[in-house]
Amino acid sequence: MAQVTASMAGSVWKILVKEGEQVVQGQDVVILESMKMEIPIQAEVSGTVEKIFVEEGSFVNEGDPLLSLSES
Amino acid sequence: MKIKKVLIANRGEIASRVIRTCQKLGIQAVAVYSEADQALPYVRQADEAYLIGPGPVVKSYLNQEKILEVAQEADVDAIHPGYGLLSENAYFAKKVIDAGLVWIGPRPEVIAQMGEKVTARQVMQKAGVPVVPGSDAVKSVEEAAAIAQEIGFPVLLKASSGGGGMGMYLCHGMDELRSQFPLAQQRAKALFGDDTFFVEKWISPARHIEVQVIGDQHGNVIHLFERECSVQRRNQKVIEESLSPSISQETRQRLYEAALLAARSMHYTNAGTIEFVVDSEENFYFLEMNTRLQVEHPVTEAITGVDLVELQFAIAEGKELPWKQEEMKARGHAIEFRLYAENPKNFYPSPGLLQELSFPVLEGVRIDAGYETGNTVTPFYDPMIAKVIVSGSWREEVIEKAKDALSKISVSGIQTNLPVLLQVLDHPSFVAGKYDTNILNSLPRE
């Protein structure tokens, strides 16, 4: 299982996927907002979204898990 | 009326900047701050400071009710909004005035007109100021496509309520326009609460040149020359200078005339800035008007000797402008450098603890900093840490002095764009004064 983590501190602006959805490596899965900039976070591996740990609007620190993927 | 006590509805370097003029004028300064900002210098520089909420701006600096509550509690006469945050919020300006306080800025109606880009274009066209070829509000992707076809690609899809580099989408062709439009609308709705869009021709290569204007409540309006703001990343300014090093004297005069025409036509009061895009043939077009003090106002102060914040207070008190246009003189040259907490390669934000932040003390170098050693740059706000303003008699001299000043800045703990600023100072186009808004994209990235 792989985790997608926040590359920097910020708030979760948009979650682009749903639990159970198939994603491919490099696909944007979450958009963070930090210092007035939108920061897209990509899936590092292809797989299925297992669990989403955050909600839109919640604040995350660098390294915090955003969602987990089961590799396909 | 004389302003004796003012609330500064802002944070960081601009709050410190306004406090400095308050101290000079004997005005009591009241600061407001979020939980994330309590250690910043402006909080203790103010005569009084009030905690208004947690870090996120919606819970603190954009919380209008809370700020008005503090204004009542602290018994201030006026509110200075700084830039960004609530400074261009016409509803807030009106609430301030309705609460019996002085709003240090233009009338709310003017803020509202200029805040809506579609309306602003119409006002400018009516006044006889050239605007970028484009449209009024478009209702559908079909309408946007038809206009793009007519004016020719590439085009910019722009949110009417956007600004400051946000809410703009460049489309090179029809497919891109069709795929961007719904996404752009969705984002504008989320960011500005308004998904009205219009289409503008994309002008490239382009320079961004803006004219500072200031008007009093007695119908007098003057300009304070122009600022060249073409060094940008993500459509946000990084370096600004005054005067512009490249335009002809004739174009310069025409820019001033257009700016005055625009400001006079709307009976503009207080400080404002009219931004133009200038193409390679020196044709210029109105882009937007900022109805507030500008981040880069210090370069204008450096070449004119005017304290713009002092003038803002005087005008808000009802005083007449102390000078006529022909009495205004621009002397020498000034360049401002914005020090950002960001990765110098991809310009991504770099929040964190400032283990060290120190600036040299040099003649002709002004530092407007929002932070000091030991402060944390948090992800809630704009990444600007400080502005370095360098002035002198000649542009060449200013560039040399700037290299010296910037190389003597010590900053550690986070990444900054300092290497980029130094790279620009050695860039042949910058040195020659002949650059456009692409200059940062043309820097070598190792």
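So what is the relative contact order of chain A, in percent, for Cα pairs below 8 Å that sit 6 or more residues apart?
44 percent
Filter the cross-link list B:Lys24/B:Lys59; A:Lys36/B:Lys95; B:Lys401/B:Lys434; B:Lys95/B:Lys237 down to pairs whose alpha-carbon distance in this structure exceeds 28 Å.
B:Lys24/B:Lys59; B:Lys95/B:Lys237
Under 20 Å of direct C-alpha separation, and excluding same-chain neighbours fewer than eight residues apart, B:Lys201 reaches these lysines: B:Lys117, B:Lys126, B:Lys139, B:Lys158. Using +1 at the C-beta of Lys and Arg and -1 at the C-beta of Asp and Glu, which of B:Ser60, B:His80, B:Leu101 has the Cα lying farthest in the positive direction of the dipole of the stretch B:56-110? Comparing the listed Cα positions along the dipole, B:Ser60 ranks first. Computed packing ranks the peptides B:20-29, B:375-384, B:291-300, B:110-119 as B:291-300, B:375-384, B:110-119, B:20-29, most packed first, by mean other Cβ atoms within 10 Å. Taken about its Cα centre, the stretch B:334-400 carries a charge dipole of roughly 200 debye when the Cβ of each Lys and Arg holds +1 and the Cβ of each Asp and Glu holds -1. Counted by neighbouring Cβ atoms within 10 Å, the residues B:Trp103, B:Trp394, B:Trp323 run from fewest to most as B:Trp394, B:Trp323, B:Trp103. B:Gly84 sits among other residues whose Cβ lies under 12 Å from its own Cβ, and their net charge, with Lys and Arg +1 and Asp and Glu -1, is 0.
As a calculated quantity, the FRET efficiency between B:His267 and B:Trp323 at R0 = 22 Å, using C-beta atoms, amounts to about 0.70. FRET efficiency for the pair B:Glu69 and B:Asp426, taken as 1/(1 + (r/R0)^6) with r the Cβ-Cβ distance and R0 = 45 Å, rounds to 0.35.
A Förster distance of 41 Å, applied to the separation of the beta-carbon atoms of A:Glu55 and B:Lys403, puts the FRET efficiency at 0.30. What do you get for trypsin sites (Lys or Arg not before Pro) in the stretch B:379-446 restricted to DSSP loop and a cutoff of at most 13 other Cβ within 10 Å of the site's Cβ? When the trypsin sites (Lys or Arg not before Pro) of the stretch B:379-446 are filtered for loop state and at most 13 Cβ neighbours within 10 Å, B:Lys408, B:Lys434, B:Arg445 remain. Partner aspartates and glutamates whose Cα lies under 18 Å from the Cα of A:Lys18, excluding those fewer than 8 positions away in the same chain, are identified as A:Asp28, A:Glu44, A:Glu50, A:Glu55, A:Glu56, A:Glu71. Scanning residues 5 or more positions from B:Val32 or on other chains, those with amide H under 5 Å from its amide H are B:Ile8, B:Asn10, B:Tyr50, with H placed 1.01 Å from N in the peptide plane.
Shape of chain B from the C-alpha gyration tensor: rounded (a/c under 1.5, with a ≥ b ≥ c the square roots of its eigenvalues). Neighbours of B:Leu156 by Cβ distance under 10 Å: Lys/Arg scored +1, Asp/Glu scored -1, total +1. Evaluated with a Cβ-only charge set (Lys, Arg +1; Asp, Glu -1), chain B carries a dipole of roughly 200 debye about its Cα centre, given to the nearest 20. The listed peptides B:73-81, B:148-156, B:274-282, ordered by packing as a protection proxy, come out as B:73-81, B:274-282, B:148-156 (highest mean of other Cβ atoms within 10 Å first). Estimated purely from DSSP H runs of n ≥ 4, each contributing -39500 (n - 2.57), the mean residue ellipticity at 222 nm for the protein assembly as shown is -8500 deg cm²/dmol once divided by its residues. Dipole check for the protein assembly as shown: with +1 at the C-beta of Lys and Arg, -1 at the C-beta of Asp and Glu, and the Cα centre as origin, the magnitude is about 780 Debye. Prolate is the label for the stretch B:22-123. Its Cα gyration tensor axes, ordered a ≥ b ≥ c, give a/c of at least 1.5 and a/b above b/c. Considering only B:Val30, B:Gln253, A:Ala43, and ranking their Cα positions along the charge dipole of the protein assembly as shown that arises from unit charges at the beta-carbon of Lys, Arg, Asp and Glu, the one farthest toward the positive end is B:Gln253.
Projecting the Cα atoms of B:Tyr91, B:Ile151, B:Val221 onto the charge dipole of the protein assembly as shown, computed from C-beta unit charges around the Cα centre, puts B:Val221 farthest toward the positive end. Other protein chain C-beta atoms within 10 Å of residue C-beta, averaged over B:374-387: 3. Shape class of the protein assembly as shown from the alpha-carbon gyration tensor: rounded, with the ratio a/c of largest to smallest axis under 1.5.
Each value in this text was obtained by applying a stated rule to the coordinates, not by laboratory testing. From a predicted model like this one, the values you see are computed outputs, not experimental measurements. Heads up, the Cβs are rebuilt from the backbone with ideal geometry, glycines too, and the neighbour counts pull from every protein chain shown.
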